[in-house]
Amino acid sequence: MTSIASPHDALRQVARTRSRVAGRRRAVTAGLALAALAAFCLSLSVGDFTISVLRVLPAVFGSGDGGEVFVVQSLRLPRALLAVLVGAAFGLSGAVFQSLARNPLASPDILGITAGGSLTAVMALTLLGLSGLPLSLAASAGALLTALLIYTFAYRRGLSSYRLVLVGIGVGAVATALTQYFWTRAHTHDAASVALWLSGSLNGRGWENIRPVALMLLVLIPAALALGKQLNALELGDDSATAVGVPVQRARLLLLVVAVALAGAGIGAAGPVAFVAFVCAPVARRLSRAPGPALLPAALTGSVLVCVADLIGRTALPSTEVSVGVVTGVIGAPYLLWLLATTNSSGQGD
């Protein structure tokens with residue numbers, strides 16, 4: 001005869017499982033934070049003028065050789081910081097989108113959110129000459145309007161994630177076409193700036209580019225993490241979320257606004273850096289091996305990815321720099337093809 005566990009034994013088993021899962025997630029988060037710090041320091045160290053990693057952090061705080069301090073503080077530190085911030089913004093945005101839609105294809109890139117934010121940012125660049133915080137706000141506003149448009153077209157007595165992806169692809173295609181139109185109508189100097197920006201680039205970025213995205217993330221990251229518990233409930237379905245007291249429609253709206261604003265902040269700072277939002281959440285989930293959206297690990301994964309991609313773009317070719325968006329596209333495109341192939345073979349269309 002099989003013995004039946006007592007309620008106390010079952011509760012202890014559940015507690016042990018939760019403790020083990022939480023411990024692994026904390027360990028993964030700490031490991032990713034160390035990896036982000038290592039990638040950040042390596043970005044400050046490697047370049048035409050190589051600086052020892054041991055001297056990088058003192059140079060950040062103005063200590064050591066004057067030439068090294070100048071190179072680190074004036075030339076490399078703004079770019080490395082922006083890579084960390086932009087990666088965190090895209091990674092966290094993608095994690096929220098994919099959890100809300102319960103679909104690994106539902107990232108700002110695939111849904112057309114990035115294309116909508118890029119459209120308004122290009123219009124702001126070419127027609128109004130905006131930069132800095134106004135440009136980031138314009139990109140966020142465009143991303144939000146695009147998200148509302150997609151939601152309106154995709155909603156039919158409920159929201160199917162499959163229909164959401166298809167509508168997002170269509171709206172994104174229209175936004176991309178309009179972006180190309182405004183790009184071709186721009187003056188020569190503006191057109192060159194738009195071309196570099198649309199590739200997803202950190203080239204030539206300075207402290208003035210950091211402040212807008214830093215201010216926005218100072219509000220958006222805590223907001224996303226605070227809404228994380230509601231996102232866990234929403235992943236179980238609307239009925240289950242309602243049963244545990246989550247206001248489903250309000251929570252989904254708030255999470256959508258935060259995710260769109262995060263994507264807009266990243267777009268306004270560095271342009272549409274391809275596939276970062278798409279790749280980071282699945283990687284964070286696999287590392288954590290735990291249910292739930294893994295928001296903080298996804299943000300840290302984004303920081304690591306963008307830092308490493310920017311380092312590769314700066315150093316891979318001896319005479320030129322490759323935009324970070326080109327490198328992340330090379331990384332993300334094969335993953336998209338693999339995901340589409342495996343999803344189709346398993347029959348998981350929705």
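Just so it is clear, none of the values below were taken in a lab; they were calculated from the coordinates. Just so we're clear, the structure is a prediction, and the values are computed from it rather than from any experiment. Heads up, the Cβs are rebuilt from the backbone with ideal geometry, glycines too, and the neighbour counts pull from every protein chain shown.
Relative to the Cα centre, what is the charge dipole magnitude of the range 174-295, using +1 at the beta carbon of each Lys and Arg, -1 at the beta carbon of each Asp and Glu, and rounding to the nearest 20 debye?
Working: 9 positive and 5 negative charges, 44 e Å.
Result for the range 174-295 is approximately 200 debye, rounded to the nearest 20.
Net length available on complete extension from V257 to W207 is 15.3 nm, with 0.36 nm assigned per residue and the Cα-Cα distance removed.
Using the Cβ atoms and a cut-off under 13 Å, what net charge is assigned to the surroundings of V84, where Lys and Arg are +1 and Asp and Glu are -1? Please list the in-between numbers first.
Values: positive: R76, R79, R205; negative: D310.
Taking every Cβ under 13 Å from that of V84, the sum is +2.
The length gained by stretching the chain between A177 and L127 to full extension, at 0.36 nm per residue less their Cα-Cα distance, is 16.3 nm.
Would you work out the charge dipole size for the range 153-229 about its Cα centre, treating the Cβ of every Lys and Arg as +1 and the Cβ of every Asp and Glu as -1, and quote it to the nearest 20 debye?
420 debye
Work out the charge dipole of the range 87-342 with +1 on the Cβ of Lys and Arg and -1 on the Cβ of Asp and Glu about the Cα centre, then indicate which of G237, A224, L100 is farthest towards its positive end. Of the candidates, G237 comes out farthest on the positive side. Tell me, rounded to the nearest percent, the portion of alpha carbon pairs in the range 213-284 spaced more than 21 Å apart. So the portion of pairs separated by more than 21 Å is 34 percent.
Computed from the C-beta positions of A22 and F70, the FRET efficiency with R₀ = 35 Å rounds to 0.20.
Once you reduce the range 259-285 and the range 160-217 to the center of their Cα atoms, the two points are 12 Å from each other.
Each peptide in 36-49, 181-194, 138-151, 309-322 receives the mean, over its residues, of other Cβ atoms within 10 Å, and ordering these scores from highest gives 138-151, 36-49, 309-322, 181-194. Over all other residues within a Cβ to Cβ distance under 14 Å of S323, the charged ones net out to +1, with Lys and Arg as +1 and Asp and Glu as -1.
What percent does the relative contact order of the range 87-342 come to when contacts are Cα pairs within less than 8 Å and at least six residues apart? Intermediate results must be reported in sequence, preceding the final value.
Values: 435 pairs, mean separation 86.7, N = 256.
Relative contact order for the range 87-342 comes out at 34 percent.
Charged side chains reduced to their Cβ positions (Lys and Arg at +1, Asp and Glu at -1) give the range 87-342 a dipole of some 460 debye around its Cα centre.
When every Cα-Cα distance of the chain is counted in 20 angstrom steps from zero, the calculated P(r) takes the values 29, 55, 14, 1, 0 percent.
What number, rounded to the nearest 500 deg cm²/dmol, is the helix-based mean residue ellipticity at 222 nm of the chain, given -39500 (n - 2.57) per DSSP H run of at least four residues and division by all its residues?
Using -39500 (n - 2.57) per qualifying helix, the result is -25000 deg cm²/dmol.
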